[in-house]
Structure formats: structure tokens, C-alpha cells
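Comments concern the structure below.
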Amino acid sequence: MLKLFEHETLDVGNLADQDTAIDVQALNLWFGQKQVLHDISMRIPKNRITSLIGQSGCGKSTLISAFNRLNDLYSGCRSQGSIIIDGRDINHAKENVSRLRTQVGMVFQRPNPFPMSIYDNVSYGLRLQGIRVRRQLDDAVEQSLRDAALWEEVKDRLFEPAHILSGGQQQRLVIARALALKPDILLLDEPTSALDPLTTLFIEELMAELKKRCTIVIVTHNMQQAARVSDYTAFLHQGQLIEYTDSDTLFTMPDKKQTEDYITGRYG
Amino acid sequence: MTSVNRLLSSSQRQSFVISATAFLASLLLIALLSILLLILVRGGAYFWPTPVYELTFYDQLQNKQKTVYAQQRQRTDSSGEKVWQVDYSDENSPYGAKTLVEAPDVIAKKLAPESAQINLTDGRAVLAEPVYLTSAESADIPVSEYASVQEKVHALTAKIEDIRETWLSDIHQKLAELDVRNVDADAPARLNLNASFDRWQSEIILLEQRRDAFQMKVVFASGASWQLPLSDIDSFYFVSSQSLWEKWAMALSSIGTFLTESPKQANTSGGVFPALFGTVLMVFLMTIIVTPFGVLAAVYLSEYAPDNGFTAAIRVSVSNMAGVPSIVYGVFGLGFFVYTLGGSLDDLFFADHLPSPTMGTPGVFWAALTMAILTLPVVIVATEEGLRRVPDGLKAGSYALGATKAETVLYTILPIASPGIMTGVILAIARAAGEVAPLMLVGAVKFAPNLPIDGEFPYLHLDRQFMHLGVLIYDGAFHSQTDAKGSSMMFAACLLLLVVVFVLNILAVILRTRLRKRYLL
Ligand SMILES: Nc1ncnc2c1ncn2[C@@H]1O[C@H](COP(=O)(O)OP(=O)(O)OP(=O)(O)O)[C@@H](O)[C@H]1O
Ligand SMILES: [Mg+2]
């Protein structure tokens, strides 16, 4: 299987603390009366790409939203268990979620640029942090757009509204927007599901490039994509973590019957 | 309806529904257009010159035949008979009289190109033939010299005003100072001042005599003549012999007068400037007050308030508030703002002026506040509508970048909802500009001696009463039965009110379009 970057394979079932970016411990989560996540424990390795696969409605989005506490936006959401990031339990009530979200960036399924200029979109997070120095913002905007491989395409129209960009460009724009905050972890929720194959490839290459500097967790419905880009893959089924190992193993010789059925397309 | 259903096939039924809706829609449109047309025609007629006729008629009241110069304002038909509403001048009532003449009583009627409509500075008009002008030196200056003679009169008037303002008021002030210092009645300073006062006074009398010697001699249709002091004359037009071009010029100049001058003759002539100004100022103040409150309330309701029955109840009552009769708001404004709030302000800050109230009396600020309360539901509902249209994905995007709730509201939600907010403001403006009844309770009056803004500190007098176009129209409607001119002024004010609402709306719509373009999703 083609890998853009080869490196030693870690055993995610037995990951050392210094290699762990996110340590999920016995996470249970409810929306109202409905339990969406059941006792999930997993360690997500640093500077690797980990993908989450599973049937629609199995709780993938809910799980990655737990990593930046975005589930807080829904008043009926309640959770138990801990999520250790950077040595602290971010699931704790006293966690500063604004700061957390600057460390854990997120890109959504559908590109959601703000109705502002390209420049203002990318600098949004920095301006929230009170950075007003023009020079500093200029540099950060350029760097983030370069990192998201968008700079060459938009450098002459930074002050035009973001919605004039194509879908693929918009998706890279929101990636640049997240990167501007220099996050340690980047959560991508089906980032390419609305894009054509060529643009998808483009974003996949981008991820391979980005993992040098941050941990990436990606939700995808595309088995080939998961196999192609991710180092590790977790399979979720009805809110339970069924199997979690390196992608090569999971896609070639899965341990569990459910996993095999899913990846061979027998259901879901 | 069931029988109709049975008779028609489904496609026929559909086309029946379509044509029925189209018919009703066009009916509404026609009704709307005819209202507009009526106001446009009747309002426009106020500015268009009315020809002067030489009219011979039998006066039923005085039992005699009269020949007068007259303008016929309006024709009404009562019980199938034509009745002319006529303004005329003659030697018995040179400054205009009004009468109704029934068609059989008209003996002769012809255009009178020799007669002029002479507009006086006090708003009245004389219909007569100018013959010549007189001055102290000469008794037969031709009327064509009017402009240069009138210039002399204006110069004299200016001189008199100048003396009054610079010298006499100065002397008055000095005398008042002497009074304060209890200086004797026969002190030399006082005598000196008195002497110079008398000197200026006699100077003024001399100038006035010279000015009043300039007169216009006019002749009425009956042949009787009359003298009009030139200083009383504002302008005169030979209306019946005007070319189309001159008619337009006269109409434009009367539009100018209408827009820039104060009402005269109990709101039946002159201009409506104070009312126009008062309307715009009140609407402006109201907008400044209602927008922040409405937006804050809507943001609280849709973003912060818990999603429970209590919030739903508040939402329903807000919508219902929009249906409360406006007079109720007027009474509330009078009872709460004017008497309670204004009264307490008086007790606190203006106690030395009591018992005469300073803030505890109707005024433009209380009116704006009352209108703000009245239009608050409109702004809240429209803003909430705008807030609902903000996609959840964008909110999530903002939170995901570390924004707090307040930051998300401020930087993402409000800008995107701003076109919705503008829609609310537009509706509020239209509503407030057109209200009359509540305004009459809280500060709008038929006639206000001063504008709420002037050169006197603190420039903006929020406690002053103000004039309002709607109130002027209301007032005009009461004149209309006795005074044709008053009624057409009412239509002209109506037209202006429409224009004001239209212009304010256009401004807001332009702003909204720009915001929409800016925050296009
Ligand atoms: N805000 C919410 N309120 C109530 N229930 C929710 C909410 N969000 C998600 N759920 C429920 O939680 C379960 C998991 O949803 P989630 O969005 O995590 O699924 P997913 O695996 O991301 O699915 P998909 O592949 O379709 O995106 C679903 O059954 C969904 O109905
Ligand atoms: Mg999802």
C-alpha cells in the first residue's frame, strides 16, 4: 500500500505516554436520554493521521467533537470519563474551552468560510486572541495559506469575499483558518466528502504534509481514503469502539467479524 | 364550494384558483394605485397655479349681484347640483373671502388675464389687478418697476431691523442693568440712555413712514381700488395669462416655500418645514433608541435564553405587542414617561423651576421614546428572523476557533443578521413616521413656536414640543370642510409624508442591500 511518509508502526493498543496526543479513558456520552458513545478508551498517537470509520450515525462526529468540547453547544449533551490532552483532562468542568479550541483545531464536512474577506477569515482566530498588529497578522495569514497550499491561488485577492472561492479552495481556506492558530491537533470531519477526486487528492497530500507538525484525526466514509492517508484506523459501531489498530492491519486482516463486514461493504 | 368542485375538472379547478387569486391581487393593486394617484393629484394640485376668473354671481346671503376676481378651488356635487367652492377678493373683503356658489347663480364667468394673485407675507392672498406703484415722491410708478421698488422696501426693512437689533436691544439691556443696580430714575446715565432710545425710536418711525409710502394700487373687478403696502407683499403672479413654463416656475417656487417655511394662517398656507423637520428628527431619535434595545432583546431571546416555555411565552407576547392599538402606547407614554419619569426628573434636577415642569411635559424625546416602545416588537421579531437565518455551521466554525459566545454573536452572528435587523428598522421607521394619535399625547402639536434644534445652548432641545406631518394632516382634515385651501394643503402634506417615508425606506433598503452583498452566504 502506498504511503506518502513511511515510519515505524506503533502499537496503539499499548502506546507510551510521550507518544500520545489524545488519551480517551472510558468515555460515555449522552444526548438527552440517548447514549451515543459507550465506554470508549483509545490513545491517539502524536504526529500521525488517525481515521475514524463507521456507519452513519455511529458517533464519529460526536467523538471528535468531544476532543474540542464542541458538543457543549448542545444543551442536552452530557458526558463521563476523561480525555487527556497535553497532560490535563479537558473533559473537566473547569477546562478553558476557548483556549482548548485554539489548541485543537477543527474542519467541518461542509466548508464554512465566514462571510468576510479571505484575509479576515484566516485572521479571525488570531484577532480573537487580541492580536491587532498588522504585520504579525499579515505574516500569519501568508504562512497559514501557504501551509494549506492556497497562497498561490489567492495572494492577489486576499481582500475579496471568501465565498467567491471554489468548494475545494474554501475547504483549504478553513484548514488555513484552523492552522493560523498553530494547533497541536487538527480534527477533520469528512473534509473531502463535498469535493471532487482531484481536489480530494490535493487535500490528502496536504494532510500528509501537515502531520509533520500536528496530530490529525479524520472522520471519513471513504475506505480507500482511510487506507491511503491514515496510519491508524478506528472502527466504531453504534457508539462502541470495535477495533483500533494500524491501517494496514485493519484493512488487510481485521480481527473482528464486524470490521470485516463493514470494510468489505457487507453492510453500512 | 363543493358544487364548484364537482363541476370543474382538477386542471380547471387549478386555473380557477389561479385566476381568482390574480383577480384579487390586481384588485388590491388597483386600490393601492388609486390611493397613490389621489394623493398625488390632490397634493400636486396644491402647488399648481389656479387661474383667476372675473366672476359675476348672485350672492344668496346678501341678496345682490357681485362681480369679483375669483379662483375656483374645487367643484363638489351635492344632491345632483354643481356647487363651486370659490375664493374671491373685493372691496369688502380684500384679503380673500370664501363662498359656495351654485351653478344657476353664476351669471358670467371669464378668464381675467389682467388680474393677479398677490401673495402676502402673512400667507393670505389678494386677487386684484395691480395698476401702479406709489412712493413718497411719485404716485405713478409702472408695475413693471416692482422688482427695483421692492428692493428699496427690503433695504428699508433691513435697516429698521438692524437698528432694532443692534441699538435698541443694547439700550434695553443697559437700562435693565441700571434697574438691577437700583439707579435713580433721573440719574444722568439713565437719562442719556432714554434720550438715545427716543432718538432711535423716532429714526425707526421715520424709516417706517418712508417704507410704508411704497404702496401698490390695485383695482377689484367692481372697479373699486385699494392700496397695499409693498412691505406686505411677498410675490404676485398674473396666473391667468401664464405660459406653461411660468406655471412650472410658480409651482416650483411654491414647492420651495412649502418645504422651507413655517405654516401661516393656522396651518392653511405657508410651508410645513417645522413639521417635516420634527417628523424626521423624531424618527431619527426613535431609530437610535429602538435599534440597540431591539437587537439586544432579540439576541438574548434567540441566543441566550433557555429553550423553555417561559421564553416561548415571552416570544408570543412580543409578537402580540405589535398588535396593541397605538393609542395605548400613547397613554402609556404620557402616564409613564411624561408624568412619572419626567416628573421625577423635574423633582431631582429642575426643582427650582417647579411648579412649572421642565421634563414632565410632552416633548420630542418622550415622543421618540414612546415610538421606540411601539416599534420595539417589530424590530425584535425581524432581528430574530435574521438571527435564525445564520447557519449553525458558521457558529460552530467560530466556536471551533476559540471564540466565546459573546465574540461569536458580535463578530459572526450579528453581521450576518444585519440585513434582518435593517428590515426591522425599515418597518419601524415606516410605522413611526405615520403615527398620529399617540404622538399627540406625548409631544406633537399643531403649532410649535420653536424647532427642537436651534443655535441656542444645548442646541438639541429634547424637552420641546414639535410639529409632525401626520398631526398637520389631521389638523388639515378639520379645516377641509370650511376651507378648500386647507384641505389641499392636507393633501400636499400627505404627499410629503409619503415622500419622507419613501426616502427613509429607500435609504434603509440601500443600506440593507449593501449589507446583504457584504454578508452574502
Ligand atoms: N445535537 C444532537 N442532539 C441529539 N442527538 C444527536 C446530536 N448530534 C448527534 N446526535 C445523535 O448521535 C448519534 C451520533 O451522531 P454523529 O453525528 O456523531 O454520527 P456520525 O457517525 O458522525 O454520522 P455521519 O457519518 O452521518 O456523520 C446519532 O444517532 C445522532 O442522531
Ligand atoms: Mg458526522
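So the values come out like this:
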item	result
Accessible area buried at the B-A interface, both sides summed, 1.4 Å probe (Å², nearest 100)	1600
Peptide A:172-179, shielding by other chains (average Cβ, 10 Å cutoff)	1
Under Karplus coefficients 6.51, -1.76 and 1.60, residue-wise ³J(HN,Hα) of region B:146-163 in Hz, glycine/proline x	3, 4, 6, 5, 4, 4, 4, 4, 4, 4, 5, 4, 4, 5, 4, 4, 4, 4
Whole-number D in µm²/s for region B:273-520 (Stokes-Einstein; Kirkwood sum over Cα pairs; 10 °C, 1.306 mPa s)	80
Using θ = phi - 60° and Karplus 6.51 cos²θ - 1.76 cosθ + 1.60, couplings along region A:82-94 (whole Hz; Gly, Pro as x)	10, 10, 9, 10, 6, x, 10, 7, 6, 7, 5, 4, 8
All aspartates and glutamates inside 19 Å of residue B:64 as judged from Cα atoms, apart from same-chain residues fewer than 8 positions distant	B:54, B:87, B:90, B:91, B:102, B:105
Long-range HN-HN contacts of residue B:445 with modeled amide H, under 5 Å	B:466, B:467, B:468
Cα-based helix-to-principal-axis angle, B:10-47 vs chain B, degrees rounded to 10	30
Pairwise label distance in nanometres, residue B:81 with residue B:206, each label 7 Å out on the Cα-Cβ vector	6.1
Ranked order, B:101, B:509 - accessible area, probe 1.4 Å, largest first	B:509, B:101
Helix A:167-179 axis, angle to chain A major axis (alpha carbon atoms, nearest 10°)	90
Carbon plus sulfur fraction of accessible area for the protein assembly as shown, probe 1.4 Å, in percent	59
Amide H contacts of residue B:128 (H built 1.01 Å from N, under 5 Å, at least 5 apart or other chain)	B:116, B:118
Calculated log₁₀ intensity ratio I(q)/I(0) where the Debye formula runs over C-alpha points of chain A, q = 0.09, 0.16 Å⁻¹	-0.40, -1.27
When each of A:94/B:395; A:94/B:405; B:110/B:217; A:182/A:256 is checked by Cα-Cα distance, pairs over 26 Å	A:182/A:256
Kirkwood hydrodynamic radius of the protein assembly as shown, Cα pairs, Å	34.5
Per residue accessible area in Å² of region B:139-213, where ligands, DNA and RNA are left out and the probe is 1.4 Å	68
Whether chain B is rounded, prolate or oblate, judged on the alpha carbon gyration tensor where a/c under 1.5 counts as rounded	oblate
C-alpha center-to-center spacing [region B:185-203, region B:328-399] in angstrom	55
Residue A:82 long-range amide H proximity, modeled H, under 5 Å	A:25
Accessible surface of residue A:69 - all protein chains present, 1.4 Å probe, nearest 10 Å²	30
Threshold 20 Å² - residues in region B:400-429 whose accessible area is reduced by that much or more when the chain is no longer isolated, probe 1.4 Å	B:400, B:401, B:402, B:403, B:407, B:411, B:412
³J(HN,Hα), Karplus 6.51/-1.76/1.60, whole Hz, each residue of region B:462-471, x for Gly, Pro	5, 8, 6, 6, 9, 9, 9, 4, x, 5
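The values are calculated or read from the model by the stated rules, or taken from the named source; none is laboratory data. This structure is a prediction, so every number in the text was calculated from the model and none was measured. Cβ: placed from backbone, ideal geometry, glycine included. Neighbour counts: every protein chain shown. Heads up: the accessible areas ignore ligands, DNA and RNA and are worked out on the full protein's heavy atoms, side chains in. Shrake-Rupley method; radii C 1.70, N 1.55, O 1.52, S 1.80 Å.
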